[in-house]
1. Can you find, within the range 19-42, the residue that is farthest from A72 (Cα to Cα) among those that are more than 19 Å from the chain's Cα centre (by Cα) and crowded, with 23+ Cβ neighbours inside 10 Å?
2. Contact list please: Cβ distance under 7 Å, first residue in the range 236-265 and closer than 24 Å to L335 by Cα and in contact (Cβ under 8 Å) with a residue 60 or more places away in the chain, second residue assigned to a loop (DSSP other than H, G, I, E, B) and among the small types (G, A, S), pairs at least six apart or on different chains.
3. Look at L144 and say whether it is at pLDDT 95 or above and more than 12 Å from the chain's Cα centre (by Cα).
4. Would you point out which residue out of V183, V228, V146 is in contact (Cβ under 8 Å) with a residue 60 or more places away in the chain, under 30 Å from L351 (Cβ atoms) and of a type in the set (V, I, T)?
5. For the range 258-344, which fully contained helices (runs of 4 or more DSSP H) count at least 2 residues that are farther than 22 Å from Q125 by Cβ?
6. Across the range 313-357, what is the number of residues that are among the aromatic types (F, W, Y) and open to solvent by less than 30 Å² (accessible area, probe 1.4 Å)?
7. Keeping to the range 5-18, report how many residues are part of a helix (DSSP H, G or I) and open to solvent by 10 Å² or more (accessible area, probe 1.4 Å).
8. Out of (1) in contact with a Lys or Arg (Cβ under 8 Å, 6 or more places away or on another chain); (2) closer than 27 Å to V70 by Cα, the odd one out for G248 is which?
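The values are calculated or read from the model by the stated rules, or taken from the named source; none is laboratory data. Just so you know, these numbers come straight off a predicted model, no measurement behind them. We place every Cβ from the backbone using ideal geometry, glycine too, and count neighbours over all the protein chains shown. Accessible surface is based on the protein model in full, side chains and every heavy atom, while ligands, DNA and RNA are left aside. Shrake-Rupley method; radii C 1.70, N 1.55, O 1.52, S 1.80 Å.
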Amino acid sequence: MLREIEGSKAVAAAVAACRPDVVCAYPISPQTHIVEELSRLVKVGELDCEYINVESEFAAQSVAIGASAVGARAYTATASQGLLYMVEAVYNASGLGLPIVMTVANRAIGSPINIWNDQSDTMSQRESGWLQLFAADNQEAADLHVQAFRIAEELSLPVMVCMDGFVLTHAVERVDVPEQEQVDAFLPPFQPVQTLDPEDPVTIGAMVGPEAFTEVRYLAHRKQQAAVEVVERVGREFAAAFGRQSGGLLHTYRTEGAETVVVALGSVTGTLKDAVDTLRDDGVPVGLVALTSYRPFPEAAMARALAGAKRVVSLERAFSLGRGGVVEDDLRRVLWDRAGEVALTTVAAGLGGRDITSASLVEVLRRADRGELAPLEFLDLDEATVAAHLAAVGPRTEGAAS
C-alpha cells in the first residue's frame, strides 16, 4: 500500500507484517519511533506477539537470544551507544547461529555525545558475525526487513538492517508498505535449525577450547561467504514478488564509461546520484556504486562494478582513527591485483550528522577526476578551527617545560 509515512513507522509496519513472535524494546534515539509504533500495533490488536519492555539494550539482545533459541521469530532495534552496550550479546547471537533481525538507526558514537547520524556504530561491529544491510531510502528500509527475516532464517544467522538516523527514521515520504498477503507468500513460517526444549535437553554455546576454536571461526567465515549468494538471490526473488528492485548486494548508477567511481552506503547515495548527474552533464566521467550488503562484503560483484575505474572514491560516514577509511580496506582487497593502476581515496563525510550537500560532492568529485585528492580527505573540514586548536593544544616538543 502506497502511503505518506514516517520511515520508522514504515519499518514497524514491515516488521509487523513479518509476524514476529517476540519484540524486545528499549528506546534510544533515533530508533524509538520504531518500537513505539510496534507497541501501538500490539496494543490495538494488529500485531499478535510478546512485546517485552526491558531495562537496557543488553537486556534487549539477551531476550532476543533467549526467544530465538527456543524457536521464536525475534526482533529488536537500537542505535549508537545502545549497540555498544549490547556488544557482548551481539557476538553471542551470531556465535550461536540465531536468526535475529535488528534495526540499527545509525547514529554517531561519542565522545563527545552526539545524537545525529553517521555510521560509526554499525561499522564498529563489522566483525561481529552479523550480516549488515544498508538502506538507501525508506522504501528500501521497509523492504530490507522483509528480506532480512528470510535471509536470517535461511542461513541461521542474525541480520542488522541499517538505516540512517533522523535522515531516514524521521523523514516522511511515500513508501509502498508491504502488504500482509505479500509478506506471507514471500516469508515462510519460521522453522528453526535448533531449539532448546526441556523435553529434549541440549546445550548450545558451550565453551570451546584451543583444539576446536579455529575450526569454529573458520565455519563462521564460510557461513558469511555463503551469505553472498543468499542475499543476492533473495533480492532477486523480492523484486519478482513485489515488483520493485530493492536489497541485493549493490546497485550501480551511470558507471558505464566512468573513470572515477564513488562507493557509498546509505541515504547519501541519493544525493550522490544528483551530483553524478551534474558532473555527467558537464562531461565528467563519474559513476556511483551504492553498497547495500556491507557484511557479507560482495567482493566479486564489487570487482565487476569497478572494472573500468581508474579512480575509486570511498565516501564514508565513519573512519578508523589514526588510520583512515573503514570500507576502504574492503575495497583495497577487491582492487589488490590492480594496485598501482587504480587510485583509491577515502572521503570522510557527514560525521556526527553534518549535512552532505550536492555542491560539496560535485566539487570533491571534480577534484577526484583531476587526480587532486589525498589518500584521506575530510569533506567540508573547517581548517581554520582545526589549525587554531592544534596551535593551542598540539603535541609538545621534546624538552618543553612541563
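1. Keep residues of the range 19-42 that are more than 19 Å from the chain's Cα centre (by Cα), which gives 19-27, 36-42.
With crowded, with 23+ Cβ neighbours inside 10 Å added as a condition, the list becomes 20, 23-24, 26, 38.
Details: P20: 8, V23: 10, C24: 12, Y26: 19, L38: 17 Å.
Looking at the filtered set, the residue picked out is Y26.
2. Pairs found: E259/A309; T260/A309.
3. On the way: at pLDDT 95 or above: yes; more than 12 Å from the chain's Cα centre (by Cα): no.
It is false that L144 is at pLDDT 95 or above and more than 12 Å from the chain's Cα centre (by Cα).
4. On the way: V183 fails: under 30 Å from L351 (Cβ atoms); V146 fails: under 30 Å from L351 (Cβ atoms).
The unique qualifying residue is V228.
5. Details: elements: 268-281, 299-305, 327-334.
Fully inside the range 258-344 and qualifying: 268-281, 299-305.
6. Within the range 313-357, the subset among the aromatic types (F, W, Y) is 319, 336.
So of that shortlist, the ones also open to solvent by less than 30 Å² (accessible area, probe 1.4 Å) come out as none.
Adding up the residues that qualify gives 0.
7. Filtering the range 5-18 for residues part of a helix (DSSP H, G or I) gives 7-17.
Within this subset, residues satisfying the condition of being open to solvent by 10 Å² or more (accessible area, probe 1.4 Å) are 9, 13, 16.
Count: 3.
8. Just one mismatch for G248, condition (2).
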